[in-house]
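The values are calculated or read from the model by the stated rules, or taken from the named source; none is laboratory data. All values reported here derive from a predicted model rather than from experimental measurement. Backbone-built Cβ (ideal geometry, glycine too); neighbour counts: all protein chains shown. Accessible surface is based on the protein model in full, side chains and every heavy atom, while ligands, DNA and RNA are left aside. Shrake-Rupley method; radii C 1.70, N 1.55, O 1.52, S 1.80 Å.
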Amino acid sequence: MTQITVHGRATSSNVQTVTWCAAELGLEVERLDVGGAYGGTATPEYKAMNPNGLVPVVEIEGEAIFESAAIVRCLAAMHGDEAFWPRDPLARARLDKWAEWGKVAFGSAFLNQVYIPLVRLTDAQRDAAALAKGVEALARLVAILDEHLAASPWIGEKFSFADIIVGHLMFRLHAIEETGELTLPPHPNVTRYYADLKARPAFAEHVMISFDSLRPGGSGR
Ligand SMILES: N[C@@H](CCC(=O)N[C@@H](CS)C(=O)NCC(=O)O)C(=O)O
């Protein structure tokens, strides 16, 4: 079994994509608590692995890789079966276009414009008008995903690396809907998708981790 070392705290959503992916692929992971209140990302040794000083960094076969989506694609290409990582470039691109959209469009709108203002900022720090615009933009993106999932059980016909990159965001999205912090128009197919993800033991273990410690006044771990 391949052993990989993940540098990054378990509460980081980007770390979670990597640990969840590794678990789905049956890889052994050693995870080190780095980042947030744990610190450790500004040392010369860490900066040599990731000059951005962010988590995660993964050591695979002695090589340090940063950027969570790149790590997921690397693990998928090394260890995924044909359904998880299609070898045919066009078949893979049918999934990867959604993975890229999940990271660049959906993920950045959700995390930067909605989740971070709602969860990580204090009332005084939050810009209510910017947040309202962010929620509107997010609603449009959720509707796009909902329409796609109306005709597809996963991002593709079978569970794949694209579900890791898109799916890990479903926990935070639904969690802040459940608390009433976020209200979106109904998205039944996205919610069905989340129920199917929750039924996967590796998703429950690696992604469904409370982020309350990241709220203002929390431990930051
Ligand atoms: N695009 C990068 C983003 C990495 C990132 O922003 N990581 C956050 C945690 S989710 C971070 O390192 N924050 C500072 C910290 O935890 O110390 C990736 O996907 O890996």
Which one is most open to solvent (accessible area, probe 1.4 Å) among residues in segment 6-31 that are within 12 Å of the ligand (Cβ to nearest atom) and assigned to a helix (DSSP H, G or I)?
14
Which ones in segment 168-194 are over 21 Å from residue 210 (Cβ atoms) and open to solvent by less than 50 Å² (accessible area, probe 1.4 Å)?
184, 187, 189, 190, 193
Scanning for something among the polar types (S, T, N, Q) and either in a helix (DSSP H, G or I) or open to solvent by less than 50 Å² (accessible area, probe 1.4 Å) (or both), does segment 155-167 turn up at least one residue?
yes
Residues in segment 90-106: is at least one farther than 24 Å from residue 185 by Cα and not in a helix (DSSP H, G or I)?
no
Residue within segment 52-73 that is open to solvent by 40 Å² or more (accessible area, probe 1.4 Å), within 9 Å of the ligand (Cβ to nearest atom) and part of a strand (DSSP E or B) present:
yes
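Look at segment 74-84 and say how many of its residues are open to solvent by 30 Å² or more (accessible area, probe 1.4 Å) and either out of contact with any Leu (no Cβ under 8 Å at 6 or more places or on another chain) or within 16 Å of the ligand (Cβ to nearest atom) (or both).
6
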Among the residues of segment 86-103, is any aliphatic (A, V, I, L, M) and within 16 Å of the ligand (Cβ to nearest atom)?
yes
Take the residues in segment 32-48 that are crowded, with 18+ Cβ neighbours inside 10 Å and not in a loop (DSSP other than H, G, I, E, B), then tell me which one is farthest from the ligand (Cβ to nearest atom).
46
I'd like to know if segment 119-126 contains one or more residues that are crowded, with 18+ Cβ neighbours inside 10 Å, under 23 Å from residue 219 (Cβ atoms) and within 14 Å of the ligand (Cβ to nearest atom).
yes
What's the total number of residues in segment 107-140 that are among the small types (Gly, Ala, Ser) and part of a loop (DSSP other than H, G, I, E, B)?
1
